[in-house]
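Engineer: Before I ask anything, let me first share the structure, which is written out below as structure tokens.
Just so it is clear, none of the values below were taken in a lab; they were calculated from the coordinates. The model shown is predicted, which means the values in this text are computed figures rather than measured ones. Note: ideal-geometry Cβ built from the backbone for every residue, glycine included; neighbour counts use all protein chains shown.
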Amino acid sequence: MTANRIAAAIALCMAVPVVCCAERPPERDTLQDPSEARRSMVNLQLEERGVRDPRVLAAMRKVPRHEFVPDEIREYAYDDRPLPIGFEQTISQPYIVGAMSEALQLDGSERVLEIGTGSGYQAAILAELCSEVFTIEIEPELAARASADLERLGYRNIHVRHGDGYLGWPEEAPFDAIMVTAAPPRVPQALVDQLAVGGRMVIPVGSISQDLLLITRTPEGIERRELMGVRFVPMRHGDESRPDSGTDRQ
Ligand code: SAH
């Protein structure tokens, strides 16, 4: 990426009205002291906006977000915004990662499915909060890069698959929790079917304006609750139509 293209990509991300936030100067000493940048990120961007789960806060203080963004923009890794990761995709704003992780109410015992691996950052946060993460990415190069980064960082409880998230991961279902980080126009039935009874799914639904939904599977059916308005990249349809057409990378 050239400097101009990076600047344009960042400007594009900034134009997306994600979550309203107080303006503050970006941390430019991020790379000198990443753990201090993370403490400040957690305090100002998460705790002050109401994210309370101590396990989520600890995970976000621990996982090195700067390892998941392209080298040229690492200094922005802990800023209060999404960032470009190539292939016209973004790593989500830290607050959104925290709020969605909290919504799943994980206690450490769960098997969790993520749709939209992207950089692998959200998968790493989930891996700190549950027992096993299964994550699906439709863009093969992103799947390969995230898989390599997660392995390099020592994550052994994350399985990355290149494939179409609309199909879920039937061989590993049911899941105690599902997190979808790209927006489909409606909730995919295959994902509801792969949620265990008592399980939670957090998913942005819609096109231009999207609602972040918390879906709980009960013995009687499903309950839906709207959490907030969000802006995610669209969930694309792959060519795959067979459930076994993906490729496991870990
Ligand atoms: N969770 C990511 C950010 C997600 S960006 C992170 O932590 O970095 C959304 C991702 O969803 C993109 O990488 C995009 O390629 C992927 N995606 C879009 N449609 C998909 C689909 N049908 N199945 C799987 N991944 C999909």
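Engineer: For the ranges 198-204, 156-162, what's the packing order if you count other beta-carbon atoms within 10 Å of each residue, average per peptide, and put the highest first?
Structural biologist: Packing proxy ranking, top to bottom: 198-204, 156-162.
Engineer: What are the GluC sites (Glu not before Pro) within the range 63-140 that DSSP puts in a loop, where the Cβ has at most 15 other Cβ atoms within 10 Å?
Structural biologist: Within the range 63-140, the qualifying GluC sites (Glu not before Pro) (loop, at most 15 other Cβ atoms within 10 Å) are Glu88.
Engineer: Roughly speaking, what is the stretch gain from Ile208 to Phe87, that is 0.36 nm per residue apart minus the C-alpha to C-alpha distance, in nm to one decimal? Don't skip to the answer; put the middle values down first.
Structural biologist: Working: separation 121, 0.36 × 121 = 43.56 nm, distance 1.96 nm.
Taking 0.36 nm per residue and subtracting the Cα distance, the gain is 41.6 nm.
Engineer: Using the count of nearby Cβ atoms within 10 Å as a rough guide to exposure, how do Arg186, Arg74, Arg225, Arg217 rank from fewest to most? The partial results should precede the final answer.
Structural biologist: Values: Arg186 8, Arg74 17, Arg225 12, Arg217 20.
Ascending Cβ contact count within 10 Å gives the list Arg186, Arg225, Arg74, Arg217.
Engineer: Further, regarding this structure: In nm, what is the difference between 0.36 nm times the number of residues separating Glu36 and Thr216 and their Cα-Cα distance? Intermediate values should be presented prior to the final figure.
Structural biologist: Working: separation 180, 0.36 × 180 = 64.80 nm, distance 3.61 nm.
Computed gain between Glu36 and Thr216 is 61.2 nm.
Engineer: Run the paramagnetic zone check for Arg152: 7 angstrom along Cα to Cβ, then residues of the range 45-87 with backbone nitrogen under 18 Å.
Structural biologist: The answer is 63-78, 84-87.
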